[in-house]
1. Between Ser412 and Lys33, what is the label-to-label distance in nm when each label sits 7 Å out along the Cα-to-Cβ direction?
2. Can you put Tyr119, Tyr300, Tyr583, Tyr236 in order of accessible area, largest first, using a 1.4 Å probe?
3. Heavy atoms of the protein only, probe of 1.4 Å, neighbouring chains included. What is the accessible area of Asp125 in Å², nearest 10?
4. Step through the table entries Lys93/Lys113; Lys93/Lys173; Lys207/Lys316; Lys74/Lys152; Lys498/Lys523; Lys196/Lys235, compare each Cα-Cα distance with 28 Å, and write down the pairs that go over it.
5. Compute the distance in nm between two label points, each set 7 Å from the Cα along the Cα-to-Cβ direction, one at Ala359 and one at Val179.
6. By average Cβ neighbour count within 10 Å, what is the ranking of 25-35, 513-523, 200-210 from highest down?
7. How far apart, in nanometres, would the label points at His369 and Glu422 be if each is projected 7 angstrom from Cα along the Cα-to-Cβ direction?
Amino acid sequence: MQAPKLEKFNLKGQNANILNTLDDHLIISVNDKFGRVIYVNDNFCDLVGASRNLILGEENEILKSHLHTNKVYKNLWKTLKKGDVWKGVLFHKISESRHYWLQTTVYPIKDKKDCITKYLSVYNDITDYYQNQNIDTTVALGEKVEFKNLEKVILSVNKRAKIIRAQSTSLNKDYDELVGSYIYDFIDIAYHDAIKSKIAEVFNEKKSSDFQFARCQDSYNKELYLSDVQPILDKYDEVSYAKITTELKTKNVNILRELNDIQTKYKNILKSHNLGIVVVTDSNGIIKEWNKGAEVAFGYKEDEVIGRCFSMLISKPQIETGVRELLKIKNDVGNVREGDTLEMNALKKDGRAFPVEFAVNGWFCGKEHFLSVFMIDVTERKSLENRLRQKTRDLELFLYRSAHDLKAPLTSAEGLLALIKEENIDSSTAELVDLLSMSLQKGKLLFDNLAFASSISQKKLDVSAINFKKEIEKSIESLSGLDGFDEIGFKINVKQTKRFYSSKELLNSVFQNLIQNAINYKKTLSANYKPLIKINVEQHANTIDIVISDNGLGIRKENQDKVFDLYYRVSNEGVQGTGLGLYIVKCIIEDLNGTISLDSNVANGTTFKITIPNLPKKK
């Protein structure tokens, strides 16, 4: 049902002389039956600091001050709805520094049918009286009180923040007048949501928490308070009630607020996230804090780990057998090399180990040095890696066996062709036999390459010392039977200063494939052109650089990003390969944790640049 329009209220028609006199000396407002203001006098406007136009049509804030409990307002409106007059003291807050105590009387006004149509409120400002007379920290307020010095009492509250007991901090005095009120009654409304959240957290989590609030003592001074909320458990380990103690932190609110804001943000970031694992220790490895993610991952409650050594979270078999790795971890933690990540097996409360990847960062708080260990549970990733590794091994084995099995019929066919060549055959048949023999050789080469590609991962484990000059010469010698080999000039420059360890067989394959590629794609020998292949090797501290260049046909720019693809063959240079040579080279270099790149210009040749690390010496 739509509310009726606002009625105009005219004092002049109701004993105007008397009312006008009262109007000059009292604070008066009139509300309609819906609680909207339809009249205020000048004194009321002066009190609230607003013009009449802004007040009319709005709700009367004085009649629903947040300082009072719902009980006060329920009683007020219950009295008025019955048609009775309500009398009491109400508190009205204009701003942090302006507030009033008002002796209030509210009269319900009825029409001829005895129905309430309006409410006349008369206020008397008694603020000065309250401030002068209220030497103690409490003042009576109808059915409630205001308490000014919360830091002097210990409050016991239920889950709804209702006060069930109030004692002095010395425990020698009870404040029974506070019982039945709410903590919200004594703190500015701006802090109510935060306080409600903190109290709920204490009852739900069964852990202590705290909240802060500020109070204006006057126009210039603002004090900051910190309240600690502690859960009190019953015999069933449930929160029976919470105990709140408050202390005045400082009168310099701005500085402390900034510090508390930083602390709050830090705690929220640390405690709220459960996707990652965060453990904070001191410089001796004693655990100081950890987050929910750590609690979920390890299975310990916070009070079971705080104050204990970080080593309790490391798998015992790793501690006993992985001394070298643990020393490396210790050194990394001590040096706090930011950005480095390590792997280890962590230990759950139930004794189960699980793999984690972690990084360590450190900071100073005053003179104290703290370390943050950020961990990620990689159990699922490790499982997927193991499955992928097994699938790769299965595929490599399948490819290797298939290549050998398919190569067997070709070998038999070559034997048959050899027998045919011994027979008395005409020239055309002999030509066909030669073509067939060449096709069989290409097929065998393809299967050999497939078998080799499938075994790269295993061959890289066979690490030995490499003499690059010797291995390059050996690779060149193995290619001496290729067409046009005698036309090629070789220029080899090896600067190897110390032992270098890698897979000899894999490096031979790299040299053979790249040198053969240069031979196959040379230009035709002429008076102005002689094919040349340059091979330069230069050793550095932990790596070696290999550069193989030629002055051959080169590779068109649009083909350069495809030459390492499986089965890709450049068909416009007149020479056809198996499409596996450069693919195998790239796979080998990547398996050796190296890099390879090319630079090529048509008619000017191609250069391959390779960098590989010195692998650990095989024990």
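The values are calculated or read from the model by the stated rules, or taken from the named source; none is laboratory data. From a predicted model like this one, the values you see are computed outputs, not experimental measurements. Glycine gets a Cβ as well: all are built from the backbone with ideal geometry, and neighbour counts include every protein chain shown. Heads up: the accessible areas ignore ligands, DNA and RNA and are worked out on the full protein's heavy atoms, side chains in. Shrake-Rupley method; radii C 1.70, N 1.55, O 1.52, S 1.80 Å.
1. With each label point 7 Å from Cα toward Cβ, the separation is 10.9 nm.
2. On the way: Tyr119 5, Tyr300 30, Tyr583 70, Tyr236 165 Å².
If we order Tyr119, Tyr300, Tyr583, Tyr236 from most to least accessible, we get Tyr236, Tyr583, Tyr300, Tyr119.
3. 70 Å²
4. Values: Lys93/Lys113 37 Å; Lys93/Lys173 30 Å; Lys207/Lys316 31 Å; Lys74/Lys152 30 Å; Lys498/Lys523 37 Å; Lys196/Lys235 25 Å.
Those over the limit are Lys93/Lys113; Lys93/Lys173; Lys207/Lys316; Lys74/Lys152; Lys498/Lys523.
5. 5.8 nm
6. On the way: 25-35: 17.7, 513-523: 21.3, 200-210: 15.3.
Going by the mean number of other Cβ atoms within 10 Å, highest first, we get 513-523, 25-35, 200-210.
7. 8.3 nm
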